[in-house]
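Remarks on the structure that follows.
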Amino acid sequence: MSEFKKERYWSKYALTYDNYTEYVVGKSLRRSLLKRLSEEHDLGEVIELGCGTGYFTKAIAKNAHHVLATDLSDEMLEAAKVPLEEFQNVTLQKVDCESTSYPSGNFDTVLMANLLHVVEDPLKALTESRRILKDGGLLIVVSYTDYGMNWFEKMQIGIRYLLTFGMPPLWGLRNFSPDELQSLVEGVGFDVEELQLMRGNARAIFLKGKKKVYQEERNRES
Ligand SMILES: C[S@@+](CC[C@H](N)C(=O)[O-])C[C@H]1O[C@@H](n2cnc3c(N)ncnc32)[C@H](O)[C@@H]1O
């Protein structure tokens, strides 16, 4: 998929994303996630991948030294400017999460909120996240899902999505189960320390993991 097409899918919703998302997954789920994220302290140097309109950036900015809030879409970054202008420790930057140009071991924390289930290649995005994290660095993943909902609820959420965002991207949208997400994250070299399924009109997985350090990586670096 070309960069342009990947970028366009979300760009066209930059001005409506917050309202549409609250209609699809519900305000209360979004607020619960915001609250849960704001309970994370001492986040240090943070990179947020796929920050969108900056809704979750606000929650982490209060507890971080600096947040580099990044997204592939210029329009999303433009929309994030206003809600984030009061935060002196937030910088916005255009970045493709599947291949960034940051040096290895650059950040204390990586946040991916509702990104892994929309990207073409979640494994690539996770591997890149691990590369740019410091040893022992923190990965936080939030992912909306319909896992655990009955067929009627799944149908309702599907209809709400179609009525607002229209057809999903060509490469599809995933509905991870907590176990699937955990094995994906562990498979690229993280220890999962927290995994919960949060409930609202939809569900959301909240996952925290720490970057594992392998002896062969240490040997290569020394
Ligand atoms: C579902 S929205 C989530 C926005 C925000 N994190 C939230 O939870 O409200 C997905 C965001 O990821 C961005 N995105 C999609 N693919 C990306 C990629 N390869 N690299 C960086 N951002 C990407 C989109 O532009 C969009 O802003």
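Taking just the alpha-carbon atoms of the chain, what radius of gyration and Dmax come out, in angstrom?
Gyration radius and largest Cα-Cα distance of the chain: 16.7, 56 Å.
Which order do you get for His65, His41, His117 if you rank them by accessible area with a 1.4 Å probe, largest at the top?
His65, His41, His117
Treating each Cα of the range 160-222 as an identical point scatterer and ignoring solvent, apply the Debye formula and state log10 I(q)/I(0) at q = 0.17, 0.24, 0.26, 0.29 Å⁻¹.
Summing over Cα pairs of the range 160-222 leads to -0.76, -1.03, -1.08, -1.16.
Sort Asp96, Asp42, Asp74 by heavy-atom solvent-accessible area, probe 1.4 angstrom, most to least.
From most exposed to least exposed: Asp42, Asp74, Asp96.
What does the extension gain come out to for Glu85 and Glu217, with contour length at 0.36 nm per residue minus their alpha carbon separation?
Full-extension gain reported as 43.6 nm.
Tally up the carbon and sulfur contribution to the accessible surface of the range 91-222 as a whole percent, 1.4 Å probe, everything protein left in place.
50 percent
Would you please report the Å³ per residue occupied by the convex hull of the alpha carbon atoms in the range 28-120?
Residue-normalised Cα hull volume stands at 98 Å³.
Can you classify the range 108-153 as rounded, prolate or oblate using the Cα gyration tensor, where a ≥ b ≥ c are the square roots of its eigenvalues, rounded means a/c under 1.5, and otherwise it's prolate if a/b beats b/c and oblate if not?
Prolate is the answer for the range 108-153, as a/c is 1.5 or above and a/b outweighs b/c.
For the cross-link pairs Lys35/Lys81; Lys12/Lys62; Lys27/Lys212, which exceed 27 Å when the distance is taken from alpha carbon to alpha carbon?
From Lys35/Lys81; Lys12/Lys62; Lys27/Lys212, over 27 Å: Lys12/Lys62; Lys27/Lys212.
Can you tell me the 0 to 90 degree angle between the C-alpha axis of helix 74-84 and the longest principal axis of the chain, rounded to 10?
Its long axis makes an angle of about 80 degrees.
If you put +1 on each Lys and Arg Cβ and -1 on each Asp and Glu Cβ, how big is the dipole of the chain around its Cα centre, in Debye rounded to 20?
520 debye
So, taking all protein chains as they sit and a 1.4 Å probe, how much accessible area belongs to Tyr147, in Å² rounded to tens?
Tyr147 has an accessible surface of roughly 100 Å² with all protein chains in place.
Which value, in Å², gives the accessible area per residue of the range 3-221 when a 1.4 Å probe is used on the protein heavy atoms?
In whole numbers, the range 3-221 has 47 Å² accessible per residue.
Roughly how many Å is it from the Cα centre of the range 12-48 to that of the range 129-193, as a whole number?
14 Å
Taking the Cα centre of the range 69-116 as origin, work out the dipole magnitude from +1 charges on Lys and Arg Cβ and -1 charges on Asp and Glu Cβ, in debye rounded to 20.
120 debye
The values are calculated or read from the model by the stated rules, or taken from the named source; none is laboratory data. Because the structure is predicted, anything quoted here is derived from the model rather than measured. All Cβ positions, even for glycine, are placed from backbone atoms using ideal geometry, and neighbour counts span all protein chains on display. For the accessible areas, the whole protein counts, side chains as well, though only heavy atoms, and no ligand, DNA or RNA atoms are used. Shrake-Rupley method; radii C 1.70, N 1.55, O 1.52, S 1.80 Å.
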